[in-house]
Each structure stands twice: as C-alpha cells, then as structure tokens.
Amino acid sequence: SAFDLGAEFLRWEIATAVAGALLGINPFDEPSVQEAKDATNAVLNGEVDANPETVPAKDAVRQILDWASPGDYLAMLAFTDRNGVNDRSLENLRDLLGAHTELATTLGYGPRYLHSTGQLHKGGAANGIYLLIVDSGTDDLEIPGETFTFGQLFMAQAIGDAITLNRHKRRVVTVDANGDLPELVREMMINCERMNNE
C-alpha cells in the first residue's frame, strides 16, 4: 500500500550503504556533483559569465557526428520544460542521433539528472559525448528572499554543469532552444539527415 513507500525508501537507502561498504566506496560521496553546485554558485554570484557558450544547431550536429566513435555514448542533457511536446521532440532527436552515430543514448532533464547520472558524466569513464540543450526563452518567476529568479537559477545550473564537464575534459556541445525546442530539434534532425547523406 501507499503506507509501505517510506519503508521501501529506507530499505534501498540501507542497501545502497551496505553495497558501498562491501565495495569499499562511499556511495554518498559525489565530488563532481558538489563541483557542479560550486560552479552554479559562482555563476549566481557573478564570478562567471552567466551566458552559456552555445553553437548553432548545424555545428552541434557536425561536432557530435565527428566525435562519435565505437565505445562512446551520447547523453542529451535538457534544461527545458518537461512536457509532452518536448518529450516527443527530444526522443525523436535521440532516436535519430543514436541511429546515425550507432551510439547508446540517454536523455535527462536538468537539473534533476545532476543528482543521478551527473557524477557518472564527470567522474566516470571519459567516453561520453554531451549535448547540453538549454532554453533561455522560458517564463521566469521571482524566488522570494533571493536576489536571482528561477530562470537565472535554472540557467546557472546548466552553465555550472557545462563548466564542470569542460574541467573534466569531457566532450560537450551546447545549443539554445530560445523558447522553441521543437524548432531547434527539427533543425538538428534536418542537418543530421543531410550530413549523413553527404
């Protein structure tokens, strides 16, 4: 029943701790996750440029296709609204890029992926290619008691992750949806098909 949910959380938290002890690791120590948080704070404090370094859709596709080699994987990291339209657009792009690169692909929405696969991306093997998709055109809201808005926090988390990925010498390329993710995806898919036929 629903009342068992708390017990399940506790069961798997204990299982994680026990497995970590048996493996000789601390499963709750995520240094690269903390590093990304620190980079986010640096952006919010004005210590780092708050504008992400983005490239046009065509250049992003070309870079991904050039980087791809056997044994790699492609992680699409989307800092955009999660809704049915965006889900379908991103899954279509994921399918197409996976087919053309022959790489395993993942799709995660930021900032939540930072606390699941974020440590793997930066602290794991260096065989990932990261397509960071930001949407600077989303609606914004004030955060009571803070000097920054939700939109600024959202963008700072994306920039902080990009900074940390670059510090770890990961292959990352960033594009901006500018408020129209389906159009960005359409452009990327057209360019992917065109480049694959060259």
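The values are calculated or read from the model by the stated rules, or taken from the named source; none is laboratory data. In this text the structure is predicted, and so the values were computed from the model without any measurement. Note that we place each Cβ from the backbone using ideal geometry, even for glycine, and neighbour counts take in every protein chain shown. Side chains are part of the model used for accessible areas, which takes the heavy atoms of the whole protein and leaves out ligands, DNA and RNA. Shrake-Rupley method; radii C 1.70, N 1.55, O 1.52, S 1.80 Å.
None of A60, A7, A2 is in contact (Cβ under 8 Å) with a residue 60 or more places away in the chain and among the small types (G, A, S) except A60.
For L93, the conditions (1) touching a Ser or Thr at 6+ places or on another chain (Cβ under 9 Å); (2) of a type outside the set (S, T, N, Q); (3) open to solvent by less than 50 Å² (accessible area, probe 1.4 Å) are fulfilled apart from (1).
Report yes if L184 is crowded, with 16+ Cβ neighbours inside 10 Å, part of a helix (DSSP H, G or I) and at pLDDT 95 or above, otherwise no. Considered against the rule, which asks whether it is crowded, with 16+ Cβ neighbours inside 10 Å, part of a helix (DSSP H, G or I) and at pLDDT 95 or above, L184 comes out as yes.
Scanning the stretch 134-154 for residues that are under 21 Å from A60 (Cβ atoms) and open to solvent by less than 30 Å² (accessible area, probe 1.4 Å) returns V134, D135. Listed by first and then second residue, the pairs linking a residue in the stretch 125-151 that is touching a residue at least 40 places away in the same chain (Cβ under 8 Å) and among the acidic types (D, E) to a residue that is part of a loop (DSSP other than H, G, I, E, B) and surrounded by 11 or more Cβ atoms within 10 Å (Cβ to Cβ), with Cβ atoms under 9 Å apart and 6 or more places separating them unless they lie on different chains, are D135/T80; D135/D81; D135/A177; D135/N178; D135/G179; D135/D180.
For the stretch 30-42, the criterion of being closer than 21 Å to N127 by Cβ, of a type in the set (S, T, Y), open to solvent by less than 70 Å² (accessible area, probe 1.4 Å) and part of a strand (DSSP E or B) is met by none of the residues. Pairs are defined by a Cβ separation below 8 Å, a sequence spacing of at least 6 or placement on different chains, a first member in the stretch 187-198 that is closer than 12 Å to I64 by Cα, and a second member that is of a type in the set (V, I, T) and part of a helix (DSSP H, G or I); the pairs so defined are M188/V61; N191/V61; C192/V61; M195/V61. Whenever a residue of the stretch 160-176 is under 12 Å from E35 (Cβ atoms), it has no partner that is open to solvent by 30 Å² or more (accessible area, probe 1.4 Å) and at pLDDT 95 or above lying with C-beta atoms less than 6 angstrom away and at least six residues away or across chains. The numbered conditions (1) touching a residue at least 24 places away in the same chain (Cβ under 8 Å); (2) open to solvent by 60 Å² or more (accessible area, probe 1.4 Å); (3) not small (G, A, S) are all true for V55 except (2).
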